[in-house]
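The values are calculated or read from the model by the stated rules, or taken from the named source; none is laboratory data. Note that the structure is a prediction, hence the values are computed from the model and not measured. All Cβ positions, even for glycine, are placed from backbone atoms using ideal geometry, and neighbour counts span all protein chains on display.
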Amino acid sequence: MRHLVIVLAACIIILSVSAFCAAATPSQGHWVLRVEQGGAWVDVPDAVMDLSGQPFVFMRGLALGIGANLSWIDVTKEAVFTSDRTVAMMRAGDTRAYVNGDAVTLSAPPDAESGRMAIAAPDIRVLGLQVEIDRQSRVIKVSWPRSRIRSTSVSVDHGVIAVVIEADTPFAFSDFVLRSPDRVVIDIYDSVLEPSVSTVNVEEDVVTRVRAAMNRPGVARVVVDLASSLGYAVEYASGTPARLAIRFNTQITHFSLDGIGSVPRLSVATTGRSAFSAPQVDAEGVAFMDFSAAELALDQAELAPDDGPVKWARISPLETGGVRLSVKLEEGYSAIVRDRLCDDNRVVVDFALTLCSVRSYEAPGCTVVDIATSGPVDCRTFRLKEPDRLVVDLPGVWAAGSPPVEVHSRSVTQVRLAQFTEDTARAVLDLGQAWAHSWEVSPDGKGIRLMVGSSPVFGREVLIDPGHGGTDPGAVKDGVYEKDMNLDMALRLRQLLDASGARVIMTRDDDSSVQLSDRSRMANEAMPDAIISIHCNSTTWDIFPSGTETYYFSTGPYSQELAALVHTCVVREVQLMDRKVRRGDYHMVRETRVPAVLVEVAFMSNGVDLQKLRDPEFRQKAASGMFTGVSMYLGSEMFRKWRAELTGESDGWWHVGEGSDGQQDEATSS
């Protein structure tokens with residue numbers, strides 16, 4: 001609702017006074033786009049056109065009305081529409097579109113003949129919006145489809161505690177557990193809370209309170225506060241109304257040991273999601289775990305295998321309530337708990353190597369995380385998004401219920417550990433502003449070192465080309481040589497890139513002569529991620545031109561994007577006249593095969609510009625602007641698209657995972 005209010009305010013501001021005085025009903029000659037939400041509405045001006053008797057909605061007007069973003073790719077005539085729940089790509093004249101990665105067919109091809117992309121009004125539905133077309137009044141009404149959460153309640157039946165959430169229509173949800181304090185969280189998507197929904201206080205030993213609030217626009221969150229760790233089972237009934245019940249009780253129904261494989265496994269089957277304590281060891285060296293909210297419902301409660309690290313295992317009731325699992329192990333083995341990633345009704349205990357420690361520290365451009373283990377390891381890394389996480393799988397290692405390790409760096413906030421599969425431990429690095437990563441095995445083989453970039457330039461390769469040099473001074477004015485200015489700014493840029501963990505190539509780093517052909521050959525052999533050629537401008541026929549201009553050559557969008565970002569940032573830093581980004585037939589941008597730009601920082605032929613160039617602080621600002629522009633480009637979707645085209649992979653540095661929010665990645669502690 002907050003976003004809607006902002007959008008409504010923005011639209012109201014841009015309306016003219018005459019529009020306010022006009023009648024609310026649109027004229028019969030024009031279509032009107034009306035955005036509605038939560039009882040409020042606003043008409044978006046100039047957002048609909050009539051095409052062959054059918055209303056087409058301009059996508060930019062639609063994006064303005066609902067608070068979304070619209071990007072236009074001129075080369076391919078494509079529009080990218082991004083909201084908080086939808087990413088859609090549409091091409092002018094093509095009925096095939098892509099919404100959240102899936103191909104859809106539009107009722108009519110989008111039109112861009114007017115210079116603005118427009119789609120048929122009924123096709124707005126593919127963006128996840130509700131559309132109502134009133135042809136008599138010529139009004140197109142658009143709104144978000146959202147369930148209304150009517151109530152939260154708590155019931156107790158024969159000791160079984162249930163929390164029930166009711167909504168007027170079916171809804172999508174996710175559930176997870178948070179610790180310290182213990183609580184179960186239910187996120188309900190595309191929903192709003194009725195004003196009557198309030199906090200419910202519960203006089204029970206396990207559930208203390210049920211809270212409900214809007215976590216973010218369109219997402220209602222229900223939190224069940226627990227007095228202690230407790231398992232739960234979720235039951236969802238779709239309908240009108242829709243109901244979701246969370247039940248807190250379990251029974252242990254099966255108990256078995258699989259000692260055939262290299263890693264012995266103990267399985268405890270339960271009815272529902274059972275809560276349990278972390279493994280402990282008593283004075284006699286017996287490992288044990290307590291199920292605080294469970295009861296026994298099985299015949300055999302003790303196992304004694306003939307061989308292997310497990311000597312015996314038994315399950316017995318506790319006098320204070322609950323059940324205890326006890327296991328006697330050979331010396332050197334540890335009990336490792338793998339919380340159910342695939343089966344909510346089974347607790348698995350394995351016996352193998354363990355994670356020993358996690359340490360972190362800061363290095364140039366990155367946070368270093370060292371994960372030490374009790375034996376030799378290898379690893380596989382990939383990235384998951386929403387939220388941003390770096391996942392590290394350690395085959396042959398088992399996580400021992402270790403608590404999260406707080407990092408609080410710019411790029412990593414914490415490290416969570418868990419057992420993911422039967423023979424693979426998983427470390428999840430929750431990321432802040434993080435970019436590339438790399439890893440290596442420790443010298444003794446008992447650990448992994450991860451480097452997570454806090455800048456998009458970390459691990460990337462940038463070629464810097466200081467123009468002219470040696471016998472070629474470039475422009476000369478009042479004793480100032482362009483080659484010296486170019487080199488000084490290049491060295492300052494290199495220092496900024498080095499400090500952020502980039503790999504820098506210089507076509508020259510001193511006052512030496514380098515042929516243009518050698519510069520482009522050096523670039524094409526290295527194939528860096530970006531090229532910046534640094535120059536100062538000059539003219540002999542007019543002393544008045546002043547300012548900064550940036551050139552690219554490639555007709556593709558990549559060099560143009562790099563040029564636009566670098567130019568904007570340099571102009572913002574040096575505060576000279578903006579002479580725009582242009583396509584120029586210069587050797588270093590024409591003869592290189594990667595995104596390349598040539599920056600003309602200032603005019604040496606202009607007295608004011610020359611005086612600024614003499615100032616080291618000005619040259620530092622110019623370098624800082626180039627660094628910021630390169631950083632923005634290397635962190636952009638445009639760059640990732642170029643890397644995908646170059647390498648044939650989704651990203652040449654990030655090993656991006658294809659998992660969605662539904663994929664279990666969490667390092668849940670037990």
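Is there any pair linking a residue in the stretch 495-522 that is more than 17 Å from V594 (Cβ to Cβ) to one that is of a type in the set (F, W, Y), with Cβ under 7 Å and at least six apart or on different chains, and which?
L496/F627; S500/F458; G501/F458
Could you grab me the full set of residues in the stretch 557-596 that are under 17 Å from P528 (Cβ atoms) and out of contact with any helix residue (DSSP H, G or I) (no Cβ under 8 Å at 6 or more places or on another chain)?
Within the stretch 557-596, A563, R590 qualify.
For G401, which of the numbered conditions (1) in a strand (DSSP E or B); (2) closer than 29 Å to K311 by Cβ fails to hold?
The number of the failed condition is (1).
Please count how many residues of the stretch 360-404 are without any contact (Cβ under 8 Å) to a residue 40 or more places away in the chain and more than 24 Å from the chain's Cα centre (by Cα).
The total comes to 1.
If you take the residues of the stretch 296-336 that are within 20 Å of L355 (Cα to Cα) and in a strand (DSSP E or B), which of them is farthest from the chain's Cα centre (by Cα)?
L329
For the stretch 484-496, check the following and say yes or no: at least one residue is at pLDDT 95 or above and part of a loop (DSSP other than H, G, I, E, B).
No, every residue in the stretch 484-496 fails to be at pLDDT 95 or above and part of a loop (DSSP other than H, G, I, E, B).
Only one of V457, V412, V405 is modelled with pLDDT of 90 or more and out of contact with any strand residue (DSSP E or B) (no Cβ under 7 Å at 6 or more places or on another chain). Can you tell me which?
Answer to the selection: V457.
What's the total number of residues in the stretch 528-545 that are modelled with pLDDT of 95 or more and surrounded by fewer than 18 Cβ atoms within 10 Å (Cβ to Cβ)?
So the count comes out to 0.
Got a number for residues in the stretch 551-568 being within 11 Å of V599 (Cβ to Cβ) and either free of Cβ contacts under 8 Å to residues at least 60 places away in the same chain or touching a Phe, Trp or Tyr at 6+ places or on another chain (Cβ under 8 Å) (or both)?
Looking only at that region, the number is 5.
Would you confirm whether or not the stretch 135-152 contains a residue that is at pLDDT 85 or above, surrounded by fewer than 15 Cβ atoms within 10 Å (Cβ to Cβ), more than 30 Å from M90 (Cβ to Cβ) and not assigned by TED's automatic domain parsing to the domain that holds W41?
No, the stretch 135-152 has no match at all.
Is there a residue in the stretch 56-79 that is within 18 Å of P122 (Cα to Cα), among the hydroxyl-bearing types (S, T, Y) and not in a helix (DSSP H, G or I)?
No, the stretch 56-79 contains no residue that is within 18 Å of P122 (Cα to Cα), among the hydroxyl-bearing types (S, T, Y) and not in a helix (DSSP H, G or I).
If I go through the stretch 168-199 residue by residue, how many of them are surrounded by fewer than 18 Cβ atoms within 10 Å (Cβ to Cβ), modelled with pLDDT under 90 and in a strand (DSSP E or B)?
2
Is it true that V104 is aliphatic (A, V, I, L, M), under 26 Å from the mean Cα position of the chain (by Cα) and part of a strand (DSSP E or B)?
Yes: the conditions hold for V104.
If you go through the stretch 51-66, how many residues are without any contact (Cβ under 8 Å) to a residue 12 or more places away in the chain and either surrounded by 22 or more Cβ atoms within 10 Å (Cβ to Cβ) or in contact with a strand residue (DSSP E or B) (Cβ under 7 Å, 6 or more places away or on another chain) (or both)?
Count: 0.
Do any residues in the stretch 77-103 that are at positive phi have Cβ atoms under 8 Å from those of residues that are assigned to a strand (DSSP E or B) and among the small types (G, A, S), where the two are at least six apart or on different chains, and which pairs are they?
Pairs that qualify, where the first residue is at positive phi and the partner is assigned to a strand (DSSP E or B) and among the small types (G, A, S), are N100/A88.
If the Cβ limit is 8 Å and pairs must be 6+ apart or interchain, which residue in the stretch 637-650 that is at pLDDT below 85 pairs with which residue that is part of a helix (DSSP H, G or I)?
Final answer for the pair search is E649/R643; S650/R640; S650/A644.
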